[in-house]
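Read through the structure below, which is laid out as structure tokens, and then see the notes.
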Amino acid sequence: MSLYEQFPVTLTNSLTKKKEQFEPVVAGHVGIYVCGPTVYSDVHLGNVRTFQSFDVIVRYFKYLGYKVRYVRNITDVGHLVGDVDDGEDKIAKRARLEALEPMEIVQKYTNGFHDVMRLFNIQPPSIEPTATGHIVEQIEFIKKIIDNGYAYEKDGSVYFDVRKYNESNNYGELSGRNVDEMLSNTRELAGQDQKEDPLDFALWKKAEGGHLMHWPSPWSEGFPGWHLECSAMSTKYLGQIFDIHGGGMDLKFPHHEAEIAQNKGCCQKGGANYWMHGNMLTVNGRKMAKSEGNGFTPEELLTGNHKLLERGYSAMTVRFFMLMSHYASTLDFSNAALQAAEKGYKRLMASFALLDKLPEAGTTTINEVRSNELKSLINDAFLNLSDDFNTAKALASLFEVGSRINTFYQDPDQLAEMDKEAWDYVMTHFKGIITEVLGLRQEAEASGSNSALEGAMSVLIELRKHAKFSKNYELSDKIRDDLKAAGIQIKDEKGGEMSYTID
Ligand code: AMP
Ligand code: ZN
């Protein structure tokens, strides 16, 4: 019996607002699509939370024995400033500000995104399609929506007709918005701009003067609307009906609502069977966002070089901090919570490290009760993970196992009484859940075990892997001294670029 039959997954479906048993489209397979980043700026820790939540979900499906196809896109065109239909493209704007080609911006921030994902041990998806790489598919998608009568062309742009769609469908089924009400409120405004109704959204926009990114289409030289790429690429790689579509809560409306409408408008099918939304990382109750000034970057977090941070925290401490809450609850950032997470992470990994130092189990009369008790602690971790991916509760079971490991280390006679098969099961899955599902790894203890130093070291080690490092970067004197003591020489260069050597 496979693990997924033993521990069937239930998950909260944002579409039905119910917790449901997961039934894949194809037995033993999971097809999942998660909205990726718009690559026009550095990712902040809030973004990391969403991608880590889905990383754990994907990792767990794999661990249970499913064959997973995980598609996470890169938005490299069409996402306009303010998430609206008019205005500058976020990437084009950044290109103008940095005096670079739009595709240089895309490459730069895609690289940065990948570095951050690696730092937090977030696995790459199976396919990472880009919007600009799928212009043809998006044009075909629009043609079908027009043929079905759910979109209209106006002066070279194409808009989705929400009013028409809503006559026979429910625009609002995901977000719970009352669109009839919204439509009647917008009636007077209808037709004041290119759109027939303000609720309509762009599928294709004609490139107006000076717009840098544009492609030929049957309607105009232009570019696709922001919502369209996800419909076109999820359909291409996962099919018209697939298992799970995920993203942050803030994408429910309009982005995901629009995706469902586009999918149905094109192909009469709404895409995913299950919609999952990760909740926001907040600071003092406010969503972490670049525009709020509370969205620090991972580098700032690791070095402690930000006004919100008392000191630096390592990547695994942060990963652990995020695992301590359920993905669908908000998580408030605080130094106190991170320091608690740091202790928890170290405690769990200390038990983990003892495993390899323990002697053989099952060398004397077996204590069945203790053997079964330990096995059921591991099963509890599985049951909690299968219950809507409750990492917080699973960690509680793992801590229990950890404290038994500590006891066995102190008193090996107790381990001798463990049934060998039960102990193998416990060891295998204690290790497996920690490393493969939760994605935690041992962090090298830097000299002095100063966590800011550990943080800075992990940045440096990570950067060394990628050979190139050029961004504005400041190290506090304390970290600079600690790094020096650890044999790492920092050399500032003009323009705030930093180079370093490691002895
Ligand atoms: P963006 O590049 O802005 O489209 O965001 C990429 C992903 O990060 C999306 O899934 C957002 O929902 C998510 N996100 C943005 N801010 C936060 C936050 N404060 N907490 C959690 N997820 C976030
Ligand atoms: Zn999307």
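The values are calculated or read from the model by the stated rules, or taken from the named source; none is laboratory data. Note that this is a predicted model, so its numbers are computed, not measured. Reconstructed Cβ throughout: ideal geometry from the backbone, glycine too, with neighbour counts over all protein chains shown.
Out of Leu203, Leu174, one residue alone is touching a Lys or Arg at 6+ places or on another chain (Cβ under 7 Å) and either closer than 24 Å to Trp275 by Cβ or β-branched (Val, Ile, Thr) (or both). It is Leu174. For region 163-197, the set of residues classified as among the aliphatic types (A, V, I, L, M), modelled with pLDDT of 80 or more and within 19 Å of Asp85 (Cβ to Cβ) consists of Val179, Met182, listed by residue number.
So, in region 68-88, of the ones that are touching a residue at least 60 places away in the same chain (Cβ under 8 Å) and in a strand (DSSP E or B), which residue ends up nearest to ligand 1 (Cβ to nearest atom)? Per the stated criteria, the residue is Thr75. One residue alone among Ala337, Ala341 is more than 16 Å from the chain's Cα centre (by Cα), crowded, with 20+ Cβ neighbours inside 10 Å, free of Cβ contacts under 8 Å to residues at least 60 places away in the same chain and over 19 Å from Val43 (Cβ atoms), and that residue is Ala341.
Out of all the residues in region 226-233, is one or more more than 11 Å from ligand 2 (Cβ to nearest atom), in a loop (DSSP other than H, G, I, E, B), within 17 Å of Ile91 (Cβ to Cβ) and modelled with pLDDT under 95? No - not one qualifying residue is present in region 226-233. Entry remark, region 44-73: residues being within 16 Å of ligand 2 (Cβ to nearest atom) and of a type in the set (Asp, Glu) number 0 in total.
Taking the stated definitions as given, is Gly304 at positive phi and either more than 16 Å from ligand 1 (Cβ to nearest atom) or crowded, with 20+ Cβ neighbours inside 10 Å (or both)? Considered against the rule, which asks whether it is at positive phi and either more than 16 Å from ligand 1 (Cβ to nearest atom) or crowded, with 20+ Cβ neighbours inside 10 Å (or both), Gly304 comes out as yes. Among all residues of region 425-441, there is at least one that is among the basic types (Lys, Arg) and not in a helix (DSSP H, G or I).
Residue-by-condition table, conditions (1) among the hydrophobic types (A, V, I, L, M, F, W, C); (2) more than 16 Å from ligand 2 (Cβ to nearest atom):
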{"residue": "Tyr171", "(1), (2)": "no, yes"}
{"residue": "Ala207", "(1), (2)": "yes, yes"}
{"residue": "His211", "(1), (2)": "no, yes"}
{"residue": "Gly239", "(1), (2)": "no, yes"}
{"residue": "Ile244", "(1), (2)": "yes, no"}
{"residue": "Met249", "(1), (2)": "yes, no"}
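Residue check: is Gly239 assigned by TED's automatic domain parsing to the domain that holds Gly31, touching a Cys at 6+ places or on another chain (Cβ under 6 Å) and either at pLDDT 95 or above or surrounded by fewer than 24 Cβ atoms within 10 Å (Cβ to Cβ) (or both)? No.
Selection of region 397-445 for residues being of a type in the set (Lys, Arg) and within 32 Å of the chain's Cα centre (by Cα) yields Lys431, Arg441. The number of residues in region 67-122 being surrounded by fewer than 20 Cβ atoms within 10 Å (Cβ to Cβ) and of a type in the set (Ser, Thr, Tyr) comes to 1.
Selection of region 221-257 for residues being of a type in the set (Ser, Thr, Tyr) and within 15 Å of ligand 1 (Cβ to nearest atom) yields only Ser234. Consider region 383-396 and keep the residues that are in contact with a Phe, Trp or Tyr (Cβ under 9 Å, 6 or more places away or on another chain) and assigned to a helix (DSSP H, G or I). The one that is farthest from Tyr4 (Cα to Cα) is Leu395.
Residue selection: Val25 fails the criterion of being modelled with pLDDT of 90 or more, within 12 Å of ligand 1 (Cβ to nearest atom) and outside any helix (DSSP H, G or I).
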